[in-house]
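Note sheet for the following structure.
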Amino acid sequence: MLLVASANGAVGMEAGWRILTAGGSALDAVEAATRMVEDNPEDHTVGFGGYPNLIGTVELDASVMDGATRRAGTVGAVQGVRHPVTLARAVMERLPHVMVVGEGAARFAAELGMEPEELLTPVAEAAWRAGVEGRIASDHPHHRLLRVVADLVRDPEHVAGTVNVLARDAAGHLASAVSTSGWAWKYPGRLGDSPVIGAGNYCDDRHGAAACTGWGELAIRGVTAHTVVLGLAAGLAPAAACERALAELRGLDVPAGEPMMQVVALDASGRHVGVSSQSGSEYLAWEAGWESYRTLPRRVVPITG
């Protein structure tokens with residue numbers, strides 16, 4: 001058994017591990033762990049308390065993937081849903097689709113009995129107001145956001161953040177989950193890599209799983225999560241597979257600053273790794289026989305220069 005997550009997944013590690021040690025599925029474990037992060041108002045990159053879009057509305061993206069069947073479910077730009085990871089799983093299990101977004105996702109949530117909730121907390125709202133104050137005529141619904149979005153999304157403290165959770169259960173099956181509130185002050189309706197299977201999330205029992213956080217547009221353009229798993233399929237170790245995937249991002253431009261990408265990955269046998277294009281970042285892992293999860297350094301794989 002194994003549970004791997006990005007550093008902000010700490011609040012959900014125990015919930016996921018309890019499911020695995022009780023004989024539960026990898027899919028149940030990643031959903032439970034991710035829900036805990038979505039409930040955390042102190043994490044402004046995921047779920048309740050997440051930073052809003054340019055007009056002050058919290059829009060959430062999430063995805064799940066079952067490695068045994070390669071079935072997947074994703075939701076994007078959904079409003080008022082506290083646990084988009086659960087809604088994404090419902091897309092996978094109850095609809096003949098993979099992705100549902102916007103008003104359709106909110107409608108689906110209502111059909112499932114999910115009560116709409118206000119996700120914008122006072123702290124997140126205050127940060128939004130400080131970021132956009134004087135830039136947008138909030139009382140004018142047709143204000144031209146195009147004039148300001150390019151500058152506002154360059155805020156280095158708010159451009160990235162996602163929770164990634166991967167699991168391998170006692171039966172050897174894999175699952176992955178990704179959830180985010182996306183790029184702070186983003187243009188309404190923007191989707192990042194988190195709800196895009198192959199970009200921010202990919203899982204296949206035969207080879208392994210990978211999930212991403214960072215500049216989501218880079219992972220979409222580089223199909224990063226799937227590229228990692230293709231490397232695993234080719235026989236590469238997790239670190240080498242991630243290094244090759246990040247190498248594919250070199251030369252791609254971003255709106256401002258340096259390109260940034262982080263990946264967590266595991267192979268079918270349970271070997272795992274975290275990599276980052278920047279130094280100083282960490283990931284979490286909990287293996288059978290460990291009393292608790294451990295915080296481990298990510299390998300640094302530069303994507304500039």
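Scan segment 268-287 and tell me whether some residue there is under 25 Å from Val196 (Cβ atoms), of a type outside the set (Phe, Trp, Tyr) and more than 19 Å from the chain's Cα centre (by Cα). Yes, that holds for at least one residue.
What residue, among those in segment 46-88 that are of a type in the set (A, V, I, L, M, F, W, C) and farther than 22 Å from Leu166 by Cα, is surrounded by the fewest Cβ atoms within 10 Å (Cβ to Cβ)? Give the derivation first.
Of all residues in segment 46-88, those of a type in the set (A, V, I, L, M, F, W, C) come to 46, 48, 54-55, 58, 60, 62, 64-65, 68, 72, 75, 77-78, 81, 85, 87-88.
From what is left, the residues that are farther than 22 Å from Leu166 by Cα are 54-55, 58, 77-78, 81.
Details: Leu54: 23, Ile55: 15, Val58: 25, Ala77: 22, Val78: 25, Val81: 28.
Checking each candidate, the answer is Ile55.
Out of everything in segment 171-199 that is of a type in the set (A, V, I, L, M, F, W, C) and modelled with pLDDT under 95, what residue ends up being surrounded by the most Cβ atoms within 10 Å (Cβ to Cβ)? Please lay out each step first, then the result.
Taking segment 171-199 and keeping what is of a type in the set (A, V, I, L, M, F, W, C), we get 171, 174-175, 177-178, 183-185, 191, 196-197, 199.
Narrowing the set further to residues that are modelled with pLDDT under 95 leaves 183-185.
Numbers: Trp183: 25, Ala184: 25, Trp185: 27.
Applying the filter and picking the extreme gives Trp185.
Residues of segment 249-262 being within 18 Å of Arg298 (Cβ to Cβ) and in contact with a helix residue (DSSP H, G or I) (Cβ under 7 Å, 6 or more places away or on another chain), which ones? Across segment 249-262, the qualifying residues are Leu249, Pro259, Met261. All conditions in (1) under 21 Å from Gly216 (Cβ atoms); (2) surrounded by fewer than 23 Cβ atoms within 10 Å (Cβ to Cβ) hold for Val11, with the sole exception of (1). Do you know which of the residues in segment 4-27 that are touching a residue at least 40 places away in the same chain (Cβ under 8 Å) and assigned to a loop (DSSP other than H, G, I, E, B) is nearest to Gly76 (Cα to Cα)? Here the answer is Ser25. The test for being closer than 17 Å to Gly200 by Cβ and either at pLDDT below 95 or touching a His at 6+ places or on another chain (Cβ under 7 Å) (or both) holds for Gly67.
I'd like to know if segment 28-45 contains one or more residues that are in a strand (DSSP E or B), surrounded by fewer than 24 Cβ atoms within 10 Å (Cβ to Cβ) and among the aliphatic types (A, V, I, L, M). Don't jump to the end; show me each part of the working.
First, pick out the residues of segment 28-45 that are in a strand (DSSP E or B): none.
Checked against the condition, which is being in a strand (DSSP E or B), surrounded by fewer than 24 Cβ atoms within 10 Å (Cβ to Cβ) and among the aliphatic types (A, V, I, L, M), segment 28-45 yields no hits at all.
When Arg271 is tested against (1) under 22 Å from Gly67 (Cβ atoms); (2) surrounded by 15 or more Cβ atoms within 10 Å (Cβ to Cβ); (3) in contact with a Pro (Cβ under 9 Å, 6 or more places away or on another chain), exactly one condition is not met: (2).
The values are calculated or read from the model by the stated rules, or taken from the named source; none is laboratory data. These numbers were taken from a predicted model, which means no experiment stands behind them. Reconstructed Cβ throughout: ideal geometry from the backbone, glycine too, with neighbour counts over all protein chains shown.
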